[in-house]
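The values are calculated or read from the model by the stated rules, or taken from the named source; none is laboratory data. Being a predicted model, the structure only gives us computed values, none of them experimental. For neighbour counting, all protein chains shown are included, and Cβ atoms are generated from backbone atoms with ideal geometry for every residue, glycine included.
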There are 2 protein chains.
Amino acid sequence: MLGNFTYHNPTKLYFGEGALQNLAEELKNYQTVQLIYGGGSVKKNGIYDSVMKILKDSGKTVVEDGGVMPNPTTDKLNEGVEIARKHNVDLLLAVGGGSVCDYAKAVSVSVFCEEDPWEKYYIRFEEPTCKIVPVGCVLTMVGTGSEMNAGAVITNHAQKLKIGHVFGSKVMPKFTVLDPTFTYTVPKRQMVAGIYDAFNHICEQYFSGTDDNVSDYLSEALMKSLIVNSRAALKDPQNYQARSNIMWAATWALNTLIAQGKDTDWEVHMLGQAVGAYTDATHGMTLSAVSLPYYKHILPYGLQKFKRFAIEVWGVTPAGTDEEIALKGLKALEDWMGELGVAKNLTELGVTEDMIEGIADATLVMDGGYKVLSRPEIVSILKESL
Amino acid sequence: MLGNFTYHNPTKLYFGEGALQNLAEELKNYQTVQLIYGGGSVKKNGIYDSVMKILKDSGKTVVEDGGVMPNPTTDKLNEGVEIARKHNVDLLLAVGGGSVCDYAKAVSVSVFCEEDPWEKYYIRFEEPTCKIVPVGCVLTMVGTGSEMNAGAVITNHAQKLKIGHVFGSKVMPKFTVLDPTFTYTVPKRQMVAGIYDAFNHICEQYFSGTDDNVSDYLSEALMKSLIVNSRAALKDPQNYQARSNIMWAATWALNTLIAQGKDTDWEVHMLGQAVGAYTDATHGMTLSAVSLPYYKHILPYGLQKFKRFAIEVWGVTPAGTDEEIALKGLKALEDWMGELGVAKNLTELGVTEDMIEGIADATLVMDGGYKVLSRPEIVSILKESL
């Protein structure tokens, strides 16, 4: 822990099967609730009905805001802000996965914002100066960590940009309901994309920094738990122990804890988000498609950490040169990605060679990792990912 | 994660060298501050002066409440409550180690309590129903985790009882300043006692439960970090990296995270606290003195976890019977305790054979670990610890 930092994460988490029953208690502070959800899967699996029953039994006024897309857009954001303003809502209740939670947080800082939220928060990266509408979450899909952080990724189709803003702790959800059984009905492709997303969040924070840090050990712990439990969940998606451990590990993978006191990278996410802006592909899949070419590229600049990753996370025997050991770690990662069945390249996500320059244009260059990428390096990694 | 739980830890942490400068910002919400500290070491090392300067520069009214002893007593608690009532303080600012923080929290729930706090909170284990005075901490000694939890241990000399009550999240400090350089002047004996205390907090939460849990991996991570960094700190107490990692690991060892979704034990603490009530010995030393006899006693009931502890935490080669591997883990723990120089037995803490029955009387029996101890087992473990 060589850097100074402030840690503050006040989100209250209700965890476990049946945890939705705590929603009634949380609703006591609010009267008009904007009920935010995605494409309608919550209506099929009954979660919408369960939430609505609690809202109605608690005597709340409910304003519907469905149809949040996997990569929430500026157009949708503006729509949500209009709903919140029109009905003067005092709680934004997100029922869904990371996109629904992200969208709720973006709405929360925009309702009372007198400027264009996209320009203020995503182009100029300013902090909210206006009143923030409280957010609560009922998580139905695991991976993004959005349920216990202040991040919100928004896509601007006109500008072909997908940008995340990590706000301060005031934007974190006031409460989140985490019921692992709510994730049982998530299709396998979404489940594994979420698991890889969570794993990559840890990688982004692990492959960076110089000192031997508490966060390194915690990161390895979360990675090992994700690996063990993903295998159990692949075998039996209704394995409560596996799904609950995955849910909990994913929350702690991106709630600011393991980033404290160290640099972090996030270049895989920058590459993935640029791909997302061009293809609308599932977020976790865009990360898996570019990960291995990226890590192989930066391995020489962070050799000792990649060696540690191989030994501590994957149990590689520490024999051979540092580079051989480190590469065995990446091979183990590749094998696990194969087990999961996540996207192995950009071609299967619909990326073609003529898009590469545009995606490279849309890729933000981060400076917290082992190597600050040049434009030719970005193009080269994207081409290797095809 | 098989159990249901609520996780909520709103304490704001300011971490790093110079982090005290954030105190001024936090003070904005308060006017009359009860400045709580211990035996006076904060006056010698200059931390008292630094805090007082910020309080005065911020125009606060300061009410002094020094002399908090290592095991805060009911008499002292009543004294602190009187001070708070008389001056109508609106912030309790603890500057010191775990005892000072614990005491501040005990005062915080007692100022507006209309009953006897000892009877209500420590004998009947009731929750506060009155207004709670906010607590802030400036930590100067590492180990107890009191800076980010709602626990408060109080000793009643008349009744020869030392009891801890873990309150709800409303009793957690509003903010804590964690400056690793503030721990440089702590005597070596206190430093190692604190390190062992933190390590044992993890053991209490690790040696329990039945499923393969995220918390197990996180616990191993924190233990490994404590071991590595304790060795570096023994070599050079002013190694910032080591002291900061120890400080951060100790905070996360007991801020409720690694206890979530599983049973926990706490029997070593119950034995140690009973010893503390009889001898006034340093808390961490009472734990180290009874740990090995206790763990050897319960090993057969939690063999697989002790085996995992040996392999994952101490790097024991997994060869031989499960019991042989598990015992090698305890041997490694014993060796590390020798490196630290913590108390190896109760005799060196002033315990004599004639005290054993009384200490056994004062030992609470917990039911979350691998074995619920009978009275003869408690006596036997205490005798082996002499």
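What do you reckon, is B:G194 of a type outside the set (A, V, I, L, M, F, W, C) and under 13 Å from B:G98 (Cβ atoms)?
When the stated conditions are applied, B:G194 passes them.
Here are some residues: B:E126, B:E119. Which one is within 20 Å of B:A362 (Cβ to Cβ) and either of a type outside the set (K, R) or surrounded by 24 or more Cβ atoms within 10 Å (Cβ to Cβ) (or both)?
Answer to the check: B:E119.
Quick test of your reading of the structure: B:K371 fulfils all but one of (1) more than 25 Å from the chain's Cα centre (by Cα); (2) among the charged types (D, E, K, R); (3) assigned to a loop (DSSP other than H, G, I, E, B). Name the failing condition by number.
(1)
Taking the range B:178-198 as the search range and keeping residues that are of a type in the set (A, V, I, L, M, F, W, C) and within 17 Å of the chain's Cα centre (by Cα), which one is nearest to B:T282 (Cα to Cα)?
B:A193
Being in a loop (DSSP other than H, G, I, E, B) and touching a Cys at 6+ places or on another chain (Cβ under 9 Å) is the requirement here; does A:C113 meet it?
yes
Between a residue in the range B:212-223 that is under 14 Å from A:W252 (Cα atoms) and in the same structural domain as B:F199 (by TED's automatic domain parsing) and any residue that is of a type in the set (K, R) and not in a loop (DSSP other than H, G, I, E, B), which pairs come within a Cβ distance under 6 Å, given they are 6 or more apart or on different chains?
Short answer, once both residue conditions are applied: B:Y217/A:K224.
Please verify whether B:T74 is closer than 19 Å to B:F167 by Cβ, of a type in the set (S, T, N, Q) and at pLDDT 95 or above, treating the condition exactly as stated.
yes
Is it the case that some residue within the range B:235-243 is surrounded by fewer than 24 Cβ atoms within 10 Å (Cβ to Cβ), among the polar types (S, T, N, Q) and at the interface with chain A (Cβ under 10 Å from one of its Cβ atoms)?
Yes; the residues of the range B:235-243 include at least one that is surrounded by fewer than 24 Cβ atoms within 10 Å (Cβ to Cβ), among the polar types (S, T, N, Q) and at the interface with chain A (Cβ under 10 Å from one of its Cβ atoms).
Return a yes/no flag: does the range B:5-27 have any residue that is within 23 Å of B:A150 (Cα to Cα), among the basic types (K, R) and modelled with pLDDT of 95 or more.
Yes, because at least one residue in the range B:5-27 is within 23 Å of B:A150 (Cα to Cα), among the basic types (K, R) and modelled with pLDDT of 95 or more.
So how many residues does the range A:309-347 have that are in contact (Cβ under 8 Å) with a residue 24 or more places away in the chain, at negative phi and surrounded by fewer than 18 Cβ atoms within 10 Å (Cβ to Cβ)?
Of the residues in the range A:309-347, 6 are in contact (Cβ under 8 Å) with a residue 24 or more places away in the chain, at negative phi and surrounded by fewer than 18 Cβ atoms within 10 Å (Cβ to Cβ).
Collect the residues in the range A:129-178 that are closer than 22 Å to A:W248 by Cβ and hydroxyl-bearing (S, T, Y), keeping them in residue-number order.
Across the range A:129-178, the qualifying residues are A:T140, A:T144, A:S146, A:S169, A:T176.
Could you grab me the full set of residues in the range A:281-295 that are at pLDDT 95 or above and more than 13 Å from A:C203 (Cβ to Cβ)?
A:M285, A:T286, A:A289, A:P293 - these are the residues of the range A:281-295 that are at pLDDT 95 or above and more than 13 Å from A:C203 (Cβ to Cβ).
Would you mind listing the strands (runs of 3 or more DSSP E) fully within the range A:4-64 where at least 2 residues are away from chain B (no Cβ under 14 Å), crowded, with 21+ Cβ neighbours inside 10 Å and in contact with a helix residue (DSSP H, G or I) (Cβ under 6 Å, 6 or more places away or on another chain)?
Counting at least 2 such residues, we get A:32-37.
Show me the helices (runs of 4 or more DSSP H) entirely contained within the range B:246-310 in which 2 or more residues are more than 14 Å from chain A (Cβ to nearest Cβ), closer than 17 Å to B:E348 by Cβ and more than 15 Å from the chain's Cα centre (by Cα).
B:267-279, B:283-298
Return the only residue of A:T176, A:T210 being within 14 Å of chain B (Cβ to nearest Cβ), of a type outside the set (A, V, I, L, M) and surrounded by fewer than 22 Cβ atoms within 10 Å (Cβ to Cβ).
A:T210
Which condition number in (1) of a type outside the set (D, E, K, R); (2) assigned to a loop (DSSP other than H, G, I, E, B); (3) buried (at least 18 other Cβ atoms within 10 Å of the Cβ) is the one that B:V138 fails?
Here B:V138 meets the rest and fails (2).
Sort through A:H165, A:H201 and tell me the only one that's assigned to a helix (DSSP H, G or I), crowded, with 22+ Cβ neighbours inside 10 Å and either within 18 Å of the chain's Cα centre (by Cα) or of a type in the set (G, A, S) (or both).
A:H201
So B:M366 passes all but one of these: (1) in contact with a strand residue (DSSP E or B) (Cβ under 6 Å, 6 or more places away or on another chain); (2) aliphatic (A, V, I, L, M); (3) modelled with pLDDT of 95 or more. Which condition number does it fail?
(1)
Looking only at residues in the range A:224-234 that are more than 11 Å from chain B (Cβ to nearest Cβ) and not aliphatic (A, V, I, L, M), which one is farthest from the chain's Cα centre (by Cα)?
A:R231
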